[in-house]
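Asks: Can you read through this structure? Questions will come right after.
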Amino acid sequence: MRGEVVADFRQTYGIDLPLGGGFDGATDEDLCRWQVLYSQLPARSRVSVRLEPDNLWDDKTRLLDMIEHELRCFHYGFTEDAKKRVNAPQRILSPGERARNERRRDSALAAKYEISSSFGIDV
């Protein structure tokens, strides 16, 4: 992640942060300045997208997603499935929802392997 911060600072502000282990030559003032700049990075920056994948979608994409879902719901209202209340349209998963689902899946699999190994069961 450090490389992404360095790249974002270089691209956004034209500042070359030290890429090595620490900020040995940096003063407290430098660190405070970098902290403020870090908090003001654009929503679609590498670091921001990595920390919050939903930032991959801009406002226009979110609006298009909502419009598309509402149109599918409108169309669904005239179908036989709507009368039976089955097969309702689902939203398209946003990048953040997809990332959360993957984390949950990975966590569940890790717990499954841990539990099965404690009982001596091969999975």
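Asks: Any idea which of Y76, Y38 is of a type in the set (F, W, Y), over 13 Å from the mean Cα position of the chain (by Cα) and modelled with pLDDT of 90 or more?
Replies: Testing whether each residue is of a type in the set (F, W, Y), over 13 Å from the mean Cα position of the chain (by Cα) and modelled with pLDDT of 90 or more leaves just Y76.
Asks: Could you run through the range 94-123 and say how many residues are surrounded by 12 or more Cβ atoms within 10 Å (Cβ to Cβ) and outside any helix (DSSP H, G or I)?
Replies: 1
Asks: Within the range 66-93, take every residue that is in contact with a Phe, Trp or Tyr (Cβ under 9 Å, 6 or more places away or on another chain) and of a type outside the set (A, V, I, L, M) and give me the one that is surrounded by the most Cβ atoms within 10 Å (Cβ to Cβ).
Replies: Looking at residues that are in contact with a Phe, Trp or Tyr (Cβ under 9 Å, 6 or more places away or on another chain) and of a type outside the set (A, V, I, L, M), I get P89.
Asks: Inside the range 32-60, can you point out the residues that are hydroxyl-bearing (S, T, Y) and surrounded by 13 or more Cβ atoms within 10 Å (Cβ to Cβ)?
Replies: Across the range 32-60, the qualifying residues are Y38, S45, S48.
The values are calculated or read from the model by the stated rules, or taken from the named source; none is laboratory data. Quick caveat, the model's predicted, so the values are computed rather than measured. Virtual Cβ from ideal backbone geometry, glycine too; neighbours counted across all protein chains shown.
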